[in-house]
Amino acid sequence: MAKFTKYALFALVCISKGFASDALLTNPVSTSVTPNFGPRTFITRDIKTPDPIPVEGQEAALELMKTGRLYRYNVKSAEESTVSQCEQAVVDYTGHKYCVALNSCGSAIMLMMKCTGLKPGDKVISNAFTFGAVPSAIEHAGGKAVYVESNDAYVMDIDDLEKKLTENPDCNHVLVSHMRGKLGDMNAIADACERHGAVLLEDFPILLEFTGKELTPDT
């Protein structure tokens, strides 16, 4: 099980750092030379297609499936489960205090809102430009979405965020998602949330290694 955890984490690290070999990709990034500008990189791959899992990871997953011990509750102790070992590996790698593995990002977002006090019918301010799982998670948690427009950089518009917070003084949650790797002005967003007394939540899978430094759109 520990072997599977290491391979799974290694694949995650490689993807986040861009170490994956083009030889493993089914749709690699191509580089071409243009007469006036020299070598330029063009994205020709389908960005929605993830990189393949290394063979070692596939084999380890198959061995795990043969045991049938895929969950926390059918091993001698929860700490022995592959899920728990993967959580601990992510904690060790990122330096975060806690890590909870769930079946999907949508479930994680839903649980995040419930843990921060969202009650049925409560408003949640969120990006208008986002992935479908985000508003679905708001609905799943019993909330009511209030959408903020995006600016020309495809991130949350700060002026419209301020407007929506002012128009909805009863809204206590702001959920920000960074769509397609576009990072919003988190300093300005955090400041607006603090002034209006709203809890700031993030759908933040693009920066697994974030250590708490200030973030700006140029980061």
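The values are calculated or read from the model by the stated rules, or taken from the named source; none is laboratory data. If you're wondering where the values come from, they're calculated on a predicted model, not measured in any experiment. Glycine gets a Cβ as well: all are built from the backbone with ideal geometry, and neighbour counts include every protein chain shown.
Residues considered: Glu59, Glu79, Glu63. Of these, the only one that is in contact (Cβ under 8 Å) with a residue 12 or more places away in the chain and more than 24 Å from Phe204 (Cβ to Cβ) is Glu63. As a summary of the residue check, Ser77 satisfies the conditions (1) among the hydroxyl-bearing types (Ser, Thr, Tyr); (2) exposed (fewer than 13 other Cβ atoms within 10 Å of the Cβ); (3) under 18 Å from the mean Cα position of the chain (by Cα) except for the one numbered (3).
Taking Glu149 as the residue in question, decide whether it is over 15 Å from Leu200 (Cα atoms) and more than 21 Å from the chain's Cα centre (by Cα). So Glu149 fails the test. Selection of segment 82-129 for residues being aliphatic (A, V, I, L, M) and outside any loop (DSSP other than H, G, I, E, B) yields Val83, Ala89, Val90, Val91, Ala108, Ile109, Met110, Leu111, Met112, Met113, Val124, Ile125.
If you go through segment 135-169 and pick out every residue that is in contact with a Phe, Trp or Tyr (Cβ under 7 Å, 6 or more places away or on another chain) and of a type in the set (Phe, Trp, Tyr), you end up with 1. Taking the listed residues Val124, Val174, Val83, the one that is touching a helix residue (DSSP H, G or I) at 6+ places or on another chain (Cβ under 6 Å) and at pLDDT below 90 is Val83, with no other qualifying.
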